[in-house]
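Values in this text are rule-based calculations from the coordinates and carry no lab data. None of the values given here were measured: they were computed from a predicted structure.
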Amino acid sequence: MGQEAIQTDDAALGDDIPPFRLRTAHFFVVTTLCAIVVAIRLNWIDWDKVPNDGVEVVRFYQVLASLLFGAAFTALLILFGRRWRFNRSEFQSPGHWLLVFVAVAALISGITEVLLLLYPHYSDSSNVSFDVWNLEKLLMCSGIGIACFVFAWLMSGNLWWKSILALPGIVLLALVPQHLLVLKQAYSNTN
């Protein structure tokens, strides 16, 4: 009799995913990921090129961005872990999509910086100019702007949540022609 009651209760819970609970392991994961991201970002900067009055602002920005990106990557790990464990999609809420978007934007930003370091004029710090800075911003604005529209299209939710992602996409893609014009002028002046 007792076994039948337990099996009936398990069958009733078959489609329900238990609510998420923050555990101590989650805090260890977020702390580790934030530390890794902040270490990479702070060691990536050539501090000799940063003006003395801007060092604290740059450090504050790098730490704040690292915390945001580390939290987004942790949330992704948790969402994918729950997907794997319960074999059902957790991407029901617009907040889940926003977390995925932040993580993808961080990846686009990191990949852009890595690609530009491979660019010979960018990796030589004596040649870094306003034009190369514009190239970086062009790649980031176009990549993240396109990602905004892709996520707004994929996101489950009402029009309000979709517009929260589409509006920054419009702004970022509106900056692309400006960066293209600056790069066109820079290359026409060198030829």
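Here are some notes:
- Phi angles of region 75-85 translate, via the Karplus equation with coefficients 6.51, -1.76, 1.60 and θ = phi - 60°, into HN-Hα couplings of 4, 4, 4, 5, 4, 5, x, 5, 5, 5, 6 Hz per residue; Gly and Pro are given as x.
- Residues whose placed amide H lies under 5 Å from that of S156, excluding near-sequence neighbours: none
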